[in-house]
1. Based on this model, can you work out whether residue 130 counts as modelled with pLDDT of 95 or more and within 18 Å of the chain's Cα centre (by Cα)?
2. Pairs, please: C-beta under 7 Å, at least 6 apart or cross-chain, first residue closer than 23 Å to residue 180 by Cα and in segment 227-256, second aromatic (Phe, Trp, Tyr) and crowded, with 23+ Cβ neighbours inside 10 Å?
3. Can you confirm whether segment 233-246 contains a residue that is at positive phi and crowded, with 17+ Cβ neighbours inside 10 Å?
4. Can you pull out every residue in segment 67-76 that is surrounded by fewer than 22 Cβ atoms within 10 Å (Cβ to Cβ) and within 20 Å of the chain's Cα centre (by Cα)?
5. How many residues are assigned to a loop (DSSP other than H, G, I, E, B) and under 23 Å from the mean Cα position of the chain (by Cα) if we restrict to segment 1-18?
6. If I filter segment 247-280 down to residues being basic (Lys, Arg) and part of a loop (DSSP other than H, G, I, E, B), which single residue comes out as surrounded by the most Cβ atoms within 10 Å (Cβ to Cβ)?
7. Does residue 94 fit the bill of being assigned to a helix (DSSP H, G or I) and either crowded, with 20+ Cβ neighbours inside 10 Å or over 24 Å from the mean Cα position of the chain (by Cα) (or both)?
8. Give the residue, chosen from 356, 343, that is at positive phi, in contact (Cβ under 8 Å) with a residue 60 or more places away in the chain and touching a helix residue (DSSP H, G or I) at 6+ places or on another chain (Cβ under 7 Å).
Amino acid sequence: MESHPKISFDNTEHAFEYKSDKDLKRASLLFTSMGVPALVKLGTKITPLAIRFGLPIKGIIRNTIFKQFVGGETLEDTAAVADKLGKYGVQVILDYGVEGKEGEKNFDHATEEFIRVIKYASTQPNIPLMSIKVTGFARFSLLEKLDNAANDKSGFEGIVHTEVLNTEEQAEWQRVVSRMEKIIAAADAGNVGVLVDAEETWIQDPVDALTMQMMQRFNREKVVLYNTIQLYRHDRFIFLKNSLKQAINRDFLLGAKLVRGAYMEKERRRAEELGYPSPIQPSKQSSDDDYNEAVEFSIDHIDRIGLIIASHNEESNMRATVLLKNKGIPFNHPHVHFSQLYGMSDNITFNLARAGCHVSKYLPFGPIKDVIPYLMRRAQENSSVSGHTGRELGLIKKERVRRKLQEL
């Protein structure tokens with residue numbers, strides 16, 4: 001295959017080749033429903049309550065939104081999805097989709113679950129990456145206390161200021177560090193990459209510092225660990241540059257997963273309530289500009305940065321491929337990886353894979369009752385993201401017409 005074949009995100013034949021006619025119809029009905037904000041609002045209120053009170057709705061959820069966005073209830077369930085995606089050159093990022101529960105016992109359990117996922121992924125040819133959340137094994141208010149203490153709010157120094165903690169809290173923090181070490185050591189041994197999810201701004205600094213500390217130890221010969229950088233924050237492009245300086249100074253490889261962001265409404269609301277400047281970009285355009293610049297910066301330093309372009313934005317993905325082509329970097333460069341959520345933007349994922357790019361689907365799994373918060377976010381996101389649901393529906397309709405399943 002040539003190193004830079006032509007890519008079109010309008011090619012629905014490639015995008016939906018892995019979906020049966022029945023799958024397409026189901027996706028069409030689901031995205032149509034998510035295009036009705038009132039329905040989504042009602043559904044996201046009622047569904048968690050119905051699950052909590054044991055009402056018999058799991059079957060409906062399993063065959064609709066769960067099937068669209070989740071890989072299965074157990075780790076083993078994900079194998080069938082991973083195998084199917086693998087036939088089309090698409091890899092998998094596994095995500096243990098259960099939201100974190102607090103308490104030392106739960107933190108230890110989550111750590112063991114992350115390691116179980118890593119060990120499983122290491123046996124699968126199509127699962128090179130998995131994701132973790134530090135709040136899965138660290139107390140939120142402990143991270144908040146450390147964040148408040150950080151003198152350097154850019155967080156890139158890789159230093160956690162533990163002197164603000166009492167003796168008990170210092171021991172607690174040491175347990176957090178030990179859990180992270182265990183997880184990354186298992187990943188290193190199993191040759192599986194770990195993506196550290198972004199958190200809210202008021203706990204992000206210690207997460208950044210801990211991640212950089214682990215990168216310095218484990219990202220010597222290869223990129224094992226990736227930090228998630230949310231470019232809808234106005235300070236994150238600078239943070240990316242500073243992180244690279246730190247990596248060069250300390251002689252390790254930087255892992256950077258670039259996303260736009262996930263907590264916008266919550267961040268703005270908190271900033272307003274507490275009277276501090278919002279950390280969110282002033283406009284969508286400035287967020288897009290920083291995202292695209294961050295991609296270009298990373299590609300310019302691709303020898304030092306393991307880059308994951310995690311985006312549903314067609315323009316950003318296309319720009320990245322054009323940059324690679326213009327700089328003579330092959331699409332399958334080991335430091336360049338693209339990713340989209342399972343169940344969304346198949347037109348991007350499968351057409352990138354067809355062109356020979358390393359690309360994956362972010363695949364959560366877990367019991368239905370535990371992944372409800374994730375599913376409700378997907379429903380809200382598809383309802384609120386301007387034009388996204390319409391784009392998904394338009395592509396599905398185009399493919400159904402191409403298959404002669406639907407009239408124009």
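The values are calculated or read from the model by the stated rules, or taken from the named source; none is laboratory data. All values derive from a computational prediction rather than experimental measurement. With ideal geometry, Cβ positions are generated from the backbone for all residues, glycine too; neighbour counts draw on all protein chains shown.
1. Details: modelled with pLDDT of 95 or more: yes; within 18 Å of the chain's Cα centre (by Cα): yes.
So residue 130 passes the test.
2. 255/226; 256/226
3. no
4. So the first thing to find is which residues in segment 67-76 are surrounded by fewer than 22 Cβ atoms within 10 Å (Cβ to Cβ), and the list is 67-68, 72-76.
Listed by number, the residues that qualify are 67, 68, 72, 73, 74, 75.
5. Initial filter on segment 1-18 (assigned to a loop (DSSP other than H, G, I, E, B)): 1-11, 16-18.
Still in the running and under 23 Å from the mean Cα position of the chain (by Cα): 9, 16, 18.
Residues that pass the stated criteria total 3.
6. The selected residue is 260.
7. Details: assigned to a helix (DSSP H, G or I): no; either crowded, with 20+ Cβ neighbours inside 10 Å or over 24 Å from the mean Cα position of the chain (by Cα) (or both): yes.
Here the answer is no, as residue 94 does not meet what is asked.
8. On the way: 356 fails: touching a helix residue (DSSP H, G or I) at 6+ places or on another chain (Cβ under 7 Å).
Going through 356, 343 in turn, just one is at positive phi, in contact (Cβ under 8 Å) with a residue 60 or more places away in the chain and touching a helix residue (DSSP H, G or I) at 6+ places or on another chain (Cβ under 7 Å): 343.
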